[in-house]
Structures are given as C-alpha cells and as structure tokens.
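Report on the structure given below.
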Amino acid sequence: MPNWQPNWNNVRWDWGAADEARSALCHAADLLDGTANERSSVARDAQAEWRGRYREQFDGELAQLLRRAHDLANECREAANRIAQASQRAWDEQKHRERERERWRREKEEEDRRREEEQRRRR
C-alpha cells in the first residue's frame, strides 16, 4: 500500500446554489444600472427648463442616487465574480482529488503486482 493517502472526500460545494446566486447578482446589477440610466434619462427631460435652488438640490440628490446605484451594481458584479472564482476553485480541487485518488490506485496496483511477482519467485 502506498505510504500516503489521497483525500477520499469529495469537495462539498452546492454548484446549483452558487450558480443561482451568481446569476441573481448579475441580474440585479443589470437591473440597477438599467434603472439608474432610465432615471437619468427621465430627469434630463425635467431638468431642461428647470432653474433655481430646487433644481440644484435635485441635481445633487440625483447624482448621489445614480452614483450609489452604479456602485451597488458594481458590488453585485464583484460578488458574482467571487462566487464564480470560488466555484472554479472547488472544481479545481475536486479534479485534483480525483487525480490523486487515481495516482494512489495506480501505485497500489503496482505495489501489489510487484508483491505477487516476488511471491512467485520465492515459490
């Protein structure tokens, strides 16, 4: 038997849930950007002839709202990317474990074969 052991446990990762979360985050980001762009477009119509203190207040609040919406969309995309990277790492680790298990089996088969040959020679 080889003097080492592979990790016989499979990686525990909920691929479906991870993909759903990633997809939902991307969808939310797109929705946030789309809504912000739509608000900006609608606001331009209102701003065309608007003057004065309330217009300036509106412009400042709108800019802040749009910035926050785009920032939140970026945060959603970053979270989606982190989930995708975690899924990739889980997949890579699972494949590594499977290769190590196969290597262990080959080494064991080779040791068993050598042992059998040695026993035949002794007889």
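For region 102-119, check the following and say yes or no: at least one residue is on the phi < 0 side of the Ramachandran plot and touching a helix residue (DSSP H, G or I) at 6+ places or on another chain (Cβ under 9 Å). Within region 102-119 (the criterion being on the phi < 0 side of the Ramachandran plot and touching a helix residue (DSSP H, G or I) at 6+ places or on another chain (Cβ under 9 Å)), the answer is no, since none of the residues qualifies. Annotation: residue 120 fulfils all but one of (1) modelled with pLDDT under 95; (2) within 30 Å of residue 29 (Cα to Cα); the unmet one is (2).
Please state which one of 36, 63, 80 is within 22 Å of the chain's Cα centre (by Cα), at pLDDT 95 or above and assigned to a helix (DSSP H, G or I). Don't jump to the end; show me each part of the working.
Numbers: 36 fails: within 22 Å of the chain's Cα centre (by Cα); 63 fails: within 22 Å of the chain's Cα centre (by Cα).
Every option except 80 fails the conditions.
Being more than 30 Å from residue 109 (Cβ to Cβ) and exposed (fewer than 13 other Cβ atoms within 10 Å of the Cβ) is the filter here, so list the residues in region 1-23 that pass it. Scanning region 1-23 gives 14, 15, 16, 17, 20, 23.
Selection of region 39-53 for residues being more than 16 Å from residue 63 (Cβ to Cβ) and assigned to a loop (DSSP other than H, G, I, E, B) yields 48, 49, 51, 52.
Quick check on my filter: what residues within region 85-110 are of a type in the set (A, V, I, L, M, F, W, C), under 23 Å from the mean Cα position of the chain (by Cα) and surrounded by 15 or more Cβ atoms within 10 Å (Cβ to Cβ)?
Restricting attention to region 85-110, the residues satisfying the condition of being of a type in the set (A, V, I, L, M, F, W, C) are 86, 90-91, 104.
Imposing the further condition that a residue be under 23 Å from the mean Cα position of the chain (by Cα) reduces the set to 86, 90-91.
Within region 85-110, just 90 meets the criteria.
Just give me the residues in region 64-97 being among the aliphatic types (A, V, I, L, M) and within 16 Å of residue 31 (Cβ to Cβ), in sequence order.
At the first step, the residues of region 64-97 found to be among the aliphatic types (A, V, I, L, M) are 65-66, 69, 72-73, 79-80, 83-84, 86, 90.
Of everything in region 64-97, those that are among the aliphatic types (A, V, I, L, M) and within 16 Å of residue 31 (Cβ to Cβ) turn out to be 65, 66, 69, 72, 73, 79, 80.
The values are calculated or read from the model by the stated rules, or taken from the named source; none is laboratory data. Keep in mind it's a predicted model, so treat the numbers as computed, not measured. Note that we place each Cβ from the backbone using ideal geometry, even for glycine, and neighbour counts take in every protein chain shown.
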